Amino acid sequence: MADMPSVHHAIAIGLSRRLADILVEEKRLTAAQLQQALEAQKRGSDKLGSLLVSMGFIDQESLLRFFADKTGVAYVSLSEADPIPEEAVQAVPEAIARQKMLMPFLKTKNRLTVALVDPLDVLVLDDLKMLTGCDVVGCLASEAEIVAAHDKYYRQATSQEALEDIVRQSQVSEDAAADVEQVEDQAQQEREGALEREAEDAPVIKMVNLILAGAVKAKASDIHIEPYQKELRIRYRIDGVLHDQPAPPKKFSAAVAARVKIMSNLDIAERRVPQDGRLKLRIEGRQIDMRVSVLPCATGEKIVIRLLDSAGLRVQMGQLGFEPEPLAVFQKAMEAPYGVNLVTGPTGSGKSTTLYSALANLNTPDVNIVTAEDPVEYQLHGINQVQVHAAIGLTFAAALRSFLRQDPDIIMVGEIRDQETASIAVNAALTGHLVFSTLHTNDTAQTLTRLGMMGVEPFLISSALLMVEAQRLVRSVCVKCREPYEVEKDWLLKLGIPEAQLQTAGKGKIVLHKGKGCGHCAATGYRGRQGLYEVMEITDPIRQLILERAPAKRIKEQSMRQGMLTLRMCAVRKLLSGATTVEEMMRVTASDTDV
């Protein structure tokens, strides 16, 4: 699955019902909002404070200050405490600070003051007292600021320095590189022996661990390990764009590949055919699932590792980046008793994230949800997930047929690839099931054309379909180095932006934003991504056009007349709000100019 849209860290403190009632009494929250959050809490395991923030009912800082005021705990902003003295940082080891989500920021001879997400956790305070021999005072701070302080003050060697150190430890000189390559060639003929021993060497293990940990720290969605004739290339995909990283020397190429294959339980002796595997690691206190794909190339085995962070699946629908109008249509379709809902877009556009978030919201004890996926990227508690395996006959269509005998309420099909799967999905919807699936199309209107080309009859499409959603991911301007600039309104009009959308931005010059580049965003000016969502509700006029086999252009025009926001329209809204840039808007929605 594609990596996920960025969201702010939610607070991890508990909020008692009494304190929540005080929020209502002080009119910082309505009774209806509190009730909605309490109901959401019953369906999941999130703490009440986290839910109130993630659902947008109260901002994080206001809630933190309220909590501090009512409990008598001091609230601290670590950005205002900058710089933090070195003696305070060194008082608590990095591993403990990250695991317990705390940050020491002030130290005297016998007293240590730390920022925590939950300063009422007396066990953590007691452990710190035993560890440091100081009296420990806990203050309340946001998780986002604590994580930022970890990254800033617990400085580790750079990737390049660490790799150079590992290479030095290996005690293999550059002059011997040719000999190492000859040994690799011999090992290729002998298969296992020498290569497996090399993969288990401490320097190689450290290299691979460093590559994996660096990707998690950089919030990458994919790692590319690419052998070329004279070099080994490492790239991370961050916010949808590949970035070069420091790489080990070429002589370690086969050993690095073998190490990754050993970790993924793959056959290190097989280098002729592609292989797929999985591995799980605990990095910085978080369990990260990784999906590994090995592809034989002329110069060696290329490896792509997809990082799957299940924490991103607990995102409320409103945090994915939906505009209010398409979100209302999407939620209406989610709540329908039966019908087909399709999520479309190219690979890496966040379709799986949207579907998983929708299923997480629908996952209650009184509902039976089954899914057919290829592969099962995330394992969700309370949902029956089936891994498709075409080689043994377990296709999407075969899984769907079996699902109908499992008394399901909601069915999710990873992808509709052929007429058989499409027909079974439509028939399942017509017999009282709510069906979710994905399709690889460019926009909502083309999805209807694609279903027709698959051989699904128009009367079945019009009867079963509830909603079609198309999406893209656009990079967000870095909040740390974001700066405004002015452009002429006429310049934006020349880019194809309709004047109606620019009216709210005022007359004359319009203020936009861009990132100038900083350490927080690796000098790119962007940090994180947001979704663009084009949601088409299947209304009676659109059903009539489907029955008439109307072209996609007419269907899209009708959808816009009934209020649908196109991908370009959503991008323009994010541009004018300062969330993204003109360059990103043009890059992501270049094909969607019919607005």
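The values are calculated or read from the model by the stated rules, or taken from the named source; none is laboratory data. Note that the structure is a prediction, hence the values are computed from the model and not measured. Backbone-built Cβ (ideal geometry, glycine too); neighbour counts: all protein chains shown. The accessibility values were calculated without ligands, DNA or RNA, using every heavy atom of the protein model including side chains. Shrake-Rupley method; radii C 1.70, N 1.55, O 1.52, S 1.80 Å.
From Gly519, Gly531, Gly578, grab the single residue that is crowded, with 19+ Cβ neighbours inside 10 Å and of a type in the set (Gly, Ala, Ser).
Values: Gly519 fails: crowded, with 19+ Cβ neighbours inside 10 Å; Gly578 fails: crowded, with 19+ Cβ neighbours inside 10 Å.
Going through Gly519, Gly531, Gly578 in turn, the sole match is Gly531.
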*Kindly provide the set of residues from the stretch 92-116 that are open to solvent by less than 20 Å² (accessible area, probe 1.4 Å) and in contact (Cβ under 8 Å) with a residue 24 or more places away in the chain, ordered by number.*
Val92, Ala97, Leu102, Met103, Leu112, Thr113, Val114, Ala115, Leu116
*asked:* What are the pairs with Cβ atoms under 8 angstrom where one residue, in the stretch 376-402, is under 20 Å from Thr353 (Cα atoms) and modelled with pLDDT of 85 or more and the other, located anywhere, is assigned to a loop (DSSP other than H, G, I, E, B) and of a type in the set (A, V, I, L, M)? Sequence gap at least six, or different chains.
replied: Gln385/Val376; Val386/Val376; Gln387/Val376; Phe396/Val388; Phe396/Ile416
_Checking the structure you have, find out if any residue of the stretch 405-422 is under 24 Å from Asn363 (Cα atoms) and without any contact (Cβ under 8 Å) to a residue 12 or more places away in the chain._
yes
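Tell me, which helices (runs of 4 or more DSSP H) wholly within the stretch 356-473 include 2 or more residues that are open to solvent by 20 Å² or more (accessible area, probe 1.4 Å) and of a type in the set (A, V, I, L, M, F, W, C)?
Working: elements: 396-403, 419-430, 444-453, 458-464.
Output list reads 419-430, 458-464.
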*asked:* Which condition from (1) open to solvent by less than 10 Å² (accessible area, probe 1.4 Å); (2) assigned to a helix (DSSP H, G or I); (3) among the polar types (S, T, N, Q) is the one that Ser349 breaks?
replied: (2)
*Answer yes or no as to whether Val572 is of a type in the set (Val, Ile, Thr), under 32 Å from the mean Cα position of the chain (by Cα) and open to solvent by less than 60 Å² (accessible area, probe 1.4 Å).*
yes
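State all residues of the stretch 518-542 that are assigned to a strand (DSSP E or B) and not basic (Lys, Arg); if no residue qualifies, say none.
First, pick out the residues of the stretch 518-542 that are assigned to a strand (DSSP E or B): 526-537.
Within the stretch 518-542, Tyr526, Gly528, Gln530, Gly531, Leu532, Tyr533, Glu534, Val535, Met536, Glu537 qualify.
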*asked:* Can you find, within the stretch 200-253, the residue that is farthest from Leu295 (Cα to Cα) among those that are open to solvent by 30 Å² or more (accessible area, probe 1.4 Å), part of a loop (DSSP other than H, G, I, E, B) and among the acidic types (Asp, Glu)?
replied: Asp201
*Sole residue being in contact (Cβ under 8 Å) with a residue 60 or more places away in the chain, hydrophobic (A, V, I, L, M, F, W, C) and more than 23 Å from Val329 (Cα to Cα), chosen from Ala552, Ala522, Ala464*: Ala522
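Within the stretch 475-488, is even one residue open to solvent by less than 80 Å² (accessible area, probe 1.4 Å) and among the polar types (S, T, N, Q)?
If we filter the stretch 475-488 for residues that are open to solvent by less than 80 Å² (accessible area, probe 1.4 Å), which is where we start, we get 475-478, 481, 483, 485, 487.
Imposing the further condition that a residue be among the polar types (S, T, N, Q) reduces the set to 476.
There is at least one residue in the stretch 475-488 that is open to solvent by less than 80 Å² (accessible area, probe 1.4 Å) and among the polar types (S, T, N, Q).
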*Quick one: would you say Thr449 is of a type outside the set (Gly, Ala, Ser) and at pLDDT 90 or above?*
no
_Residues satisfying the stated conditions in the stretch 543-569, i.e. farther than 18 Å from Thr441 by Cα and either open to solvent by less than 30 Å² (accessible area, probe 1.4 Å) or part of a helix (DSSP H, G or I) (or both)_ = Arg543, Gln544, Leu545, Leu547, Gln558, Met560, Arg561, Met569
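Output the residue which, of all residues in the stretch 278-291 that are open to solvent by 60 Å² or more (accessible area, probe 1.4 Å) and not basic (Lys, Arg), is modelled with the lowest pLDDT.
The initial filter retains those residues of the stretch 278-291 that are open to solvent by 60 Å² or more (accessible area, probe 1.4 Å), namely 278, 280, 282, 284, 286-287, 291.
Next cut, not basic (Lys, Arg) only: 284, 287.
On the way: Glu284: 66, Gln287: 76.
This residue is Glu284.
List the helices (runs of 4 or more DSSP H) inside the stretch 39-156, counting only whole elements, that have at least 1 residues being small (Gly, Ala, Ser) and at pLDDT below 80.
Details: elements: 48-54, 60-71, 86-90, 94-100, 122-132, 143-153.
Filter on the stretch 39-156 gives 48-54, 60-71, 94-100, 143-153.
Scanning for something assigned to a helix (DSSP H, G or I) and modelled with pLDDT of 90 or more, does the stretch 494-517 turn up at least one residue? I'd like the intermediate steps shown before the answer.
Quick first cut of the stretch 494-517, residues assigned to a helix (DSSP H, G or I) only: 494, 499-505.
Next, from what is left, pick out any that are modelled with pLDDT of 90 or more: none.
Checked the stretch 494-517: no residue is assigned to a helix (DSSP H, G or I) and modelled with pLDDT of 90 or more.
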*Report the residue count in the stretch 292-318 for those that are under 20 Å from Lys217 (Cα atoms), open to solvent by 60 Å² or more (accessible area, probe 1.4 Å) and modelled with pLDDT of 90 or more.*
0
